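Peer 1: Attaching a single structure in structure tokens format; questions to follow.
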Amino acid sequence: MKKMTAGIATVILLAGCGATQDTSETTTTATEDAANQQAVDATNGNSDTAQEESAEQEDSPEQAAQDEQAAATAANGEIREFDLELKFTDDREWEFDYDRNQASIERGSGDRLSGQEAQDEFAQLFQAIQFSTARPLDDFKREVLEAVNAQQAEVRDFELDVKFDSGEEMEIDHDVRNGATSEELDEFSLELTFTGGGEASYEFESDEREAEIERRDGSESEGAGALDEMEQLIGQVNITTARSIDDMKAEVLQALSIDTADVDDFDLEVDYRGGEEIKFFHGRN
């Protein structure tokens, strides 16, 4: 009986050792296999870590938009001054005035922000707007109004002036009286300042059948000759908020046979019979 017990104990002990050895070998093999698979995955770029890192590197649409805005702002430099005036169809007026030293926001007589509170709101405002003369004025205007929580249908007059550290300045004035849209052009006024010095101006009034031109070389023209020249110019250009400052500026200067690179300041205003007024300025110091 003692021999049988001893034999059984020996068998159990050996079986236990065998089980321990098998488990150890299995664990070692699994560990080696996992390590090998990780190496293969890393080589092929298929590991979970690689996939996660790749996903993190891909910009979300929001991040891409922020990057685009940062690039646009960087192209012009930081905003030095920002002035926005809105006049509503119900005679309300909003004003946004910013520079680095002071800032104020007025939304009606009873809503005014100043100091750091206004600076913080301007910081958010600038992040929400893509400042670029290559964008259609309609898109730019809509983006600004959305950023300040103003309803576009209620805004009659939109006036914006932005100055950048780079010396670039862009100004937009869009007045739509009683919701009227563009019809026949009534008045056209263009003033140019040139890089090498000198100025030029082109004026036209449809009702009065008057026109006057002052060229860069100092020569002047008025009367029937100037009227014919201005009508030819107006027939070659299309001034509308559906287009960008860059496109309209290039089109006007091409019609006048003037190189865009020669112009420092471009100041254009057109009035339409329907009541719409479009004015934009683009310059650099």
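Peer 1: Please give the number of the condition E187 fails out of (1) open to solvent by 60 Å² or more (accessible area, probe 1.4 Å); (2) over 30 Å from V155 (Cβ atoms).
Peer 2: Here E187 clears every test but (2).
Peer 1: Small (G, A, S), more than 14 Å from E269 (Cβ to Cβ) and in contact with a Pro (Cβ under 7 Å, 6 or more places away or on another chain): does that describe S244? Outline the logic, then answer.
Peer 2: Numbers: small (G, A, S): yes; more than 14 Å from E269 (Cβ to Cβ): yes; in contact with a Pro (Cβ under 7 Å, 6 or more places away or on another chain): yes.
Yes: the conditions hold for S244.
Peer 1: Still on this structure: Residues to consider are A250, A255, A224, A261; find the one that is open to solvent by 40 Å² or more (accessible area, probe 1.4 Å), within 28 Å of D139 (Cβ to Cβ) and without any contact (Cβ under 8 Å) to a residue 60 or more places away in the chain.
Peer 2: Values: A255 fails: open to solvent by 40 Å² or more (accessible area, probe 1.4 Å); A224 fails: within 28 Å of D139 (Cβ to Cβ); A261 fails: without any contact (Cβ under 8 Å) to a residue 60 or more places away in the chain.
After ruling out the rest, the residue left standing is A250.
Peer 1: Another question about this same structure. Can we say D59 is modelled with pLDDT under 75 and open to solvent by 80 Å² or more (accessible area, probe 1.4 Å)? Quick ask: steps written out before the conclusion?
Peer 2: On the way: modelled with pLDDT under 75: yes; open to solvent by 80 Å² or more (accessible area, probe 1.4 Å): yes.
For D59, the condition - modelled with pLDDT under 75 and open to solvent by 80 Å² or more (accessible area, probe 1.4 Å) - is met.
Peer 1: Also, quick follow-up: Please go through region 120-139 and give me each residue that is part of a helix (DSSP H, G or I) and small (G, A, S), ordered by number. Break it down into steps so the answer makes sense when it comes.
Peer 2: Our first condition is that a residue be part of a helix (DSSP H, G or I); within region 120-139, this holds for 120-128, 137-139.
Correct list: A123, A128.
Peer 1: Return the total of residues in region 86-117 being at pLDDT 95 or above and among the small types (G, A, S).
Peer 2: 2
Peer 1: Can you name every residue in region 273-283 that is under 11 Å from L185 (Cβ atoms) and open to solvent by less than 30 Å² (accessible area, probe 1.4 Å)?
Peer 2: G274, E276, I278, listed by residue number.
Peer 1: Tell me yes or no: at least one residue of region 194-211 is under 23 Å from T133 (Cβ atoms), polar (S, T, N, Q), under 31 Å from the mean Cα position of the chain (by Cα) and open to solvent by less than 40 Å² (accessible area, probe 1.4 Å).
Peer 2: Among the residues of region 194-211, at least one is under 23 Å from T133 (Cβ atoms), polar (S, T, N, Q), under 31 Å from the mean Cα position of the chain (by Cα) and open to solvent by less than 40 Å² (accessible area, probe 1.4 Å), which makes the answer yes.
Peer 1: Right, something else. Quick one: how many residues across region 215-256 are basic (K, R) and touching a helix residue (DSSP H, G or I) at 6+ places or on another chain (Cβ under 8 Å)? Write out each step before concluding.
Peer 2: Let us first name the residues in region 215-256 that are basic (K, R), namely 215-216, 243, 249.
Then keep just the ones that are touching a helix residue (DSSP H, G or I) at 6+ places or on another chain (Cβ under 8 Å); that gives 243, 249.
So the count comes out to 2.
The values are calculated or read from the model by the stated rules, or taken from the named source; none is laboratory data. Just so it is clear, the model here is predicted, and its values are computed rather than measured. Don't worry about glycine lacking a Cβ; one is built from the backbone with ideal geometry, like all the others, and counts go over all protein chains shown. Note: areas computed on protein heavy atoms with side chains; ligands, DNA, RNA excluded. Shrake-Rupley method; radii C 1.70, N 1.55, O 1.52, S 1.80 Å.
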